[in-house]
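The block underneath contains the structure these notes are about, expressed in structure tokens.
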Amino acid sequence: MGYQAEPSLPDAHSRPAAPPLFRHPRIALFVLAIAAVTALVLVFTTVDPWLKSIGIFAGSADLHVYEVGGIRVREGLPLYSTPILLGHLYTYTPFSAILFIPVAALPAAHMDKLWMLFNLTLLVCCILLCWKILGRRLTPQLALVSVLLALVSTFLEPIRTTLFYGQINIALMLLVLWDMTRPERSWTRGIGVGLAAAIKLTPAYFIGFFLVMRQWRAAAIATGVIAATIGFGFLVLPDDSREYWTNSIFQTHRIADPMHAANQSLRGMLNHFAGHPVSDGPWLLLAVPVAIVSLAASMLLYRRGDQLFAVSLCGLTSAAVSPFSWSHHWVWFVPLLVYFFDRTRSATWWWLAAIVVYGAAGAWPWRWTADFTVIGLFHYPPDWEINWFMKNIFLFVYAAILAIAVTMVVRDLLRKRDSPPPSPRHPSPDLAADRIDVHTLPSADVPQAKAPAVPQRP
């Protein structure tokens, strides 16, 4: 069982096989199984699964917002002028509401459970795509590892909260990851990013990644898909589209209180430190340089063969620089942890990085009363002396991840600068990457330049 090779890629046997994922597979699988069981025990025992407003089986509020959004489109009711459900305003694009029409067709008695199972399946698919970006082929063992890692991830706060609310963050991440497995010259590369950004604007950050990578076609296709969905929205929902694209899109207060502890964005961090909502100026002075540094680091990571780290960093940055990012937008911790997990075979300190990220992003509960519990370190008591750190925990973790990325690429650049130029007869070993960038190989569906024919002497 394995992924079929893309038409534009060489046969798997023509390139070096990836090193084994485990030195001792049976021991590793046993440890992973223990970790998966532990994560599930934590999910179901730290908080009563049926506890009102926070139990893992007592949520799905956002799923029902999608459902009502689709119903309003079907019945010709306005999307943005009034609260849509439980006081919540609709904050997604008009195109997304059109896509949510089928959600109302799900059986009401089983809708929440079916959607949770759907999200868990998508999470496994995301991890499988991560392996493909890493250059690994799908095997029964790798499929089992992916399922176990997905179960381990359920105790990550972004994943646990996504499952609880019935959110679509995992589906959007899947679209982007699928895009990143397309060959660079493929006409399909860019479609996933475009569709994800057409539903929720944050994934549009990846168009910037395409641009710095000089993947002009992918950037154009993603932009074209977004433009097409906007046009389709104006065709089907002209009034709602006009309201959204000229007014609602600029009103971040429609999402929630900008001071909310779960606003894990750079602007949210500034709000938390200032004690009041900050203006656009301070946020842009911080977010723009962070985005530039991240894009530069992602570009260099990608070129040195660390494609999954590059993509994960872009996903995390998209949440960091957004004006408002709920904690569940940080589902990009999962691909990052897959990358760390893959790197542990070369250096044990990657285990420490994975454990720190997992611990900081864990779904740790705090029980205020018998009937009121919160999830996530950023919700812990404000009178704690380290609350300034805990309230912005995802941003501090992100800063550490960005620092690791920058350190890796700077060291790589310095090593290349100090190394002697390669001899024509003896190429430098630096030119032999331990990972092959499958996206830069010639594509079979793109005509290759041919050498001019040399006329034969009569």
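With respect to Leu313, is the statement that it is within 20 Å of Pro20 (Cα to Cα), in contact (Cβ under 8 Å) with a residue 12 or more places away in the chain and either among the aliphatic types (A, V, I, L, M) or in contact with a His (Cβ under 8 Å, 6 or more places away or on another chain) (or both) true?
Against the criterion (within 20 Å of Pro20 (Cα to Cα), in contact (Cβ under 8 Å) with a residue 12 or more places away in the chain and either among the aliphatic types (A, V, I, L, M) or in contact with a His (Cβ under 8 Å, 6 or more places away or on another chain) (or both)), Leu313 does not qualify.
Out of region 61-91, which residues are β-branched (Val, Ile, Thr), farther than 17 Å from Met111 by Cα and at pLDDT 90 or above? So that I can check it myself, show each step before the final result.
In the first step, residues of region 61-91 are kept if they are β-branched (Val, Ile, Thr); the result is 65, 68, 71, 73, 82, 84, 91.
Add one more test, that the residue is farther than 17 Å from Met111 by Cα, and what stays is 73, 82, 84, 91.
Hits for region 61-91 are Val73, Thr91.
Evaluate region 174-182: report whether one residue or more is among the aromatic types (Phe, Trp, Tyr), in contact with a helix residue (DSSP H, G or I) (Cβ under 9 Å, 6 or more places away or on another chain) and part of a helix (DSSP H, G or I).
Looking through region 174-182, at least one residue is among the aromatic types (Phe, Trp, Tyr), in contact with a helix residue (DSSP H, G or I) (Cβ under 9 Å, 6 or more places away or on another chain) and part of a helix (DSSP H, G or I).
Output the number of the condition that Ile27 fails; it satisfies all remaining conditions of (1) surrounded by 12 or more Cβ atoms within 10 Å (Cβ to Cβ); (2) within 29 Å of Arg345 (Cα to Cα).
The one condition Ile27 does not meet is (1).
When region 371-399 is examined, which residues are found to be part of a strand (DSSP E or B) and in contact with a Phe, Trp or Tyr (Cβ under 6 Å, 6 or more places away or on another chain)?
Val374
Could you pull out the residue among Leu123, Leu148 that is surrounded by 18 or more Cβ atoms within 10 Å (Cβ to Cβ), within 15 Å of the chain's Cα centre (by Cα), under 23 Å from Pro49 (Cα atoms) and in contact (Cβ under 8 Å) with a residue 60 or more places away in the chain?
Of Leu123, Leu148, the one residue that is surrounded by 18 or more Cβ atoms within 10 Å (Cβ to Cβ), within 15 Å of the chain's Cα centre (by Cα), under 23 Å from Pro49 (Cα atoms) and in contact (Cβ under 8 Å) with a residue 60 or more places away in the chain is Leu123.
Let's see how each residue does on (1) at pLDDT below 90; (2) of a type in the set (Val, Ile, Thr); (3) surrounded by 14 or more Cβ atoms within 10 Å (Cβ to Cβ):
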| site | (1), (2), (3) |
| --- | --- |
| Leu377 | no, no, yes |
| Leu395 | no, no, yes |
| Tyr398 | no, no, yes |
| Ile401 | no, yes, yes |
| Ser419 | yes, no, no |
| Pro429 | yes, no, no |
| Ala433 | yes, no, no |
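Looking at (1) in contact (Cβ under 8 Å) with a residue 60 or more places away in the chain; (2) over 30 Å from Leu21 (Cβ atoms); (3) in a helix (DSSP H, G or I), find the lone condition where Gly69 falls short.
(1)
Hey, could you check region 332-350 for residues that are surrounded by fewer than 24 Cβ atoms within 10 Å (Cβ to Cβ) and part of a loop (DSSP other than H, G, I, E, B) and say which is modelled with the highest pLDDT?
Thr344
Report, ordered by the first and then the second residue, all pairs with beta carbons closer than 8 Å, sequence separation of six or more or different chains, a first member in region 388-402 that is without any contact (Cβ under 8 Å) to a residue 40 or more places away in the chain, and a second member that is crowded, with 19+ Cβ neighbours inside 10 Å and aromatic (Phe, Trp, Tyr).
Note: pairs meeting the criteria are Met390/Phe378.
Looking at Leu163, Leu201, which is the one that is more than 23 Å from Phe22 (Cα to Cα), aliphatic (A, V, I, L, M) and surrounded by fewer than 23 Cβ atoms within 10 Å (Cβ to Cβ)?
None of the other options fit; the residue is Leu201.
Collect the residues in region 93-151 that are more than 30 Å from Glu243 (Cβ to Cβ) and among the polar types (S, T, N, Q), keeping them in residue-number order.
The answer is Thr121, Thr139, Gln141, Ser146.
Restricting to region 90-104, name every residue that is over 22 Å from the mean Cα position of the chain (by Cα) and surrounded by fewer than 22 Cβ atoms within 10 Å (Cβ to Cβ).
Ile98, Ile101, Pro102, Val103, Ala104
Yes or no, residue by residue, for (1) over 14 Å from His329 (Cα atoms); (2) touching an Asp or Glu at 6+ places or on another chain (Cβ under 7 Å); (3) not aromatic (Phe, Trp, Tyr):
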{"position": "Thr161", "(1), (2), (3)": "no, no, yes"}
{"position": "Asn169", "(1), (2), (3)": "no, no, yes"}
{"position": "Leu174", "(1), (2), (3)": "no, no, yes"}
{"position": "Arg182", "(1), (2), (3)": "yes, no, yes"}
{"position": "Gly190", "(1), (2), (3)": "yes, yes, yes"}
{"position": "Val193", "(1), (2), (3)": "yes, yes, yes"}
{"position": "Ala196", "(1), (2), (3)": "no, no, yes"}
{"position": "Leu211", "(1), (2), (3)": "yes, no, yes"}
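Conditions (1) of a type in the set (S, T, N, Q); (2) in contact with a helix residue (DSSP H, G or I) (Cβ under 6 Å, 6 or more places away or on another chain); (3) modelled with pLDDT under 95; (4) closer than 23 Å to Phe324 by Cβ, marked per residue:
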residue	(1), (2), (3), (4)
Gly192	no, yes, no, no
Leu195	no, yes, no, yes
Ile199	no, yes, no, yes
Val212	no, yes, no, no
Ala219	no, yes, no, no
Gly224	no, no, no, no
Gly231	no, no, no, no
Leu237	no, yes, no, no
Ile249	no, no, yes, yes
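Please verify whether region 34-54 includes one or more residues that are farther than 21 Å from Pro158 by Cα and exposed (fewer than 13 other Cβ atoms within 10 Å of the Cβ).
Within region 34-54, one or more residues are farther than 21 Å from Pro158 by Cα and exposed (fewer than 13 other Cβ atoms within 10 Å of the Cβ).
Across region 323-357, what is the total count of residues that are among the basic types (Lys, Arg) and either farther than 19 Å from Leu177 by Cβ or in contact with a Ser or Thr (Cβ under 7 Å, 6 or more places away or on another chain) (or both)?
1
Which members of region 362-387 meet the condition of being touching a residue at least 12 places away in the same chain (Cβ under 8 Å) and not aromatic (Phe, Trp, Tyr)?
Gly362, Ala363, Pro365, Asp371, Thr373, Val374, Ile375, Gly376, Leu377, His379, Pro381
Scan Ile191, Ile221, Ile170, Ile230 and give me the residue that is under 14 Å from the mean Cα position of the chain (by Cα) and among the hydrophobic types (A, V, I, L, M, F, W, C).
It is Ile170.
Determine whether region 198-210 contains at least one residue that is of a type in the set (A, V, I, L, M), over 18 Å from Pro94 (Cα atoms) and touching a residue at least 12 places away in the same chain (Cβ under 8 Å).
Within region 198-210, one or more residues are of a type in the set (A, V, I, L, M), over 18 Å from Pro94 (Cα atoms) and touching a residue at least 12 places away in the same chain (Cβ under 8 Å).
The values are calculated or read from the model by the stated rules, or taken from the named source; none is laboratory data. What you see is a predicted model; the values in this text were computed from it and never measured. Positions of Cβ are generated from backbone atoms using ideal geometry, with glycine treated the same way; all protein chains shown enter the neighbour counts.
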